[in-house]
Amino acid sequence: MATTAKSAAEFVPASRDLARLREAAAGCRGCDLYRDATQTVFGEGTRKARTMMIGEQPGDQEDRRGEPFVGPAGRLLDRALDESGIDREGVYVTNAVKHFKFRRDERGSRRIHKKPGRTEIVACRPWLDAELASVQPDLVILLGATAAQALFGPDFRITERRGEVLDLPGDHDAKAVATVHPSSILRSRERDEAYAAFVADLKAAVAVL
């Protein structure tokens, strides 16, 4: 017997008010990630933002605080935005998946990030669509493969399309630019070079506005 694919769609209200969406997302059970996560981590920022940045999923600190990009990757992103001349206060930041997916280490004391699966990315897509419909950004910056594949499909490759100005799929007039996720810079052995390339990507992206 065929099973119905899990989806957040039934939890997404018709309203496009961000406060209402955030409130509804707190009770989302659209996939199983809510069972272990501390809370839903919804997007943050003004509805008037011209730029939306989409990452993969909340990390450990984001899950505990309920805010996106407040951990080490978020601090690196803040620094890169500052160097790129981008005011974060004018950017809407969110993630493709709204719950933290993790595994515990051998002692059970640390929560270690696990990449979201395609089923979870698709299940969470209605929230991303609602945020896009509410904010209606002119530019979407996709941070990493998960974010890019959430909107462009599983065959999208950052290595092939990085920095390219693309038309956002669907009923949107926005442009999209894909780059790496800040967490990959933290893991890089050539961190300075990776960071400089990331800043260059952000500068090139906002130049389309």
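The values are calculated or read from the model by the stated rules, or taken from the named source; none is laboratory data. These numbers come from a predicted model, not from an experiment. Every residue, glycine among them, receives a Cβ derived from its backbone with ideal geometry; neighbour counts consider all protein chains shown. Surface areas here come from the heavy atoms of the whole protein model, side chains and all, with no ligands, DNA or RNA. Shrake-Rupley method; radii C 1.70, N 1.55, O 1.52, S 1.80 Å.
Per residue, the accessible area of the range 114-194 comes to 49 Å² when a 1.4 Å probe rolls over the protein heavy atoms. Taking the helices alone, the chain has a mean residue ellipticity at 222 nm of -11000 deg cm²/dmol, built from -39,500 (n - 2.57) per DSSP H run of at least 4 residues and averaged over all its residues. Taking the inverse of the mean 1/r over every pair of distinct Cα atoms in the chain gives a Kirkwood hydrodynamic radius of 17.3 Å.
A DSSP coil position with no more than 12 other Cβ atoms inside 10 Å describes the following GluC sites (Glu not before Pro) in the range 90-143: Glu106. Here Lys101 is the anchor, and the lysines within straight C-alpha reach of less than 19 Å, apart from those fewer than 8 places off in the same chain, are Lys6, Lys114, Lys115. Here Lys48 is the anchor, and the lysines within straight C-alpha reach of less than 27 Å, apart from those fewer than 8 places off in the same chain, are Lys98, Lys175, Lys203. Inter-label distance, Lys48 to Asp87: 0.9 nm, where each label sits 7 Å from its Cα along the C-beta direction.
What accessible area per residue comes out for the range 40-84, rounded to a whole number of Å², with a 1.4 Å probe? Result: 41 Å² of accessible area for each residue.
Evaluated with a Cβ-only charge set (Lys, Arg +1; Asp, Glu -1), the chain carries a dipole of roughly 700 debye about its Cα centre, given to the nearest 20.
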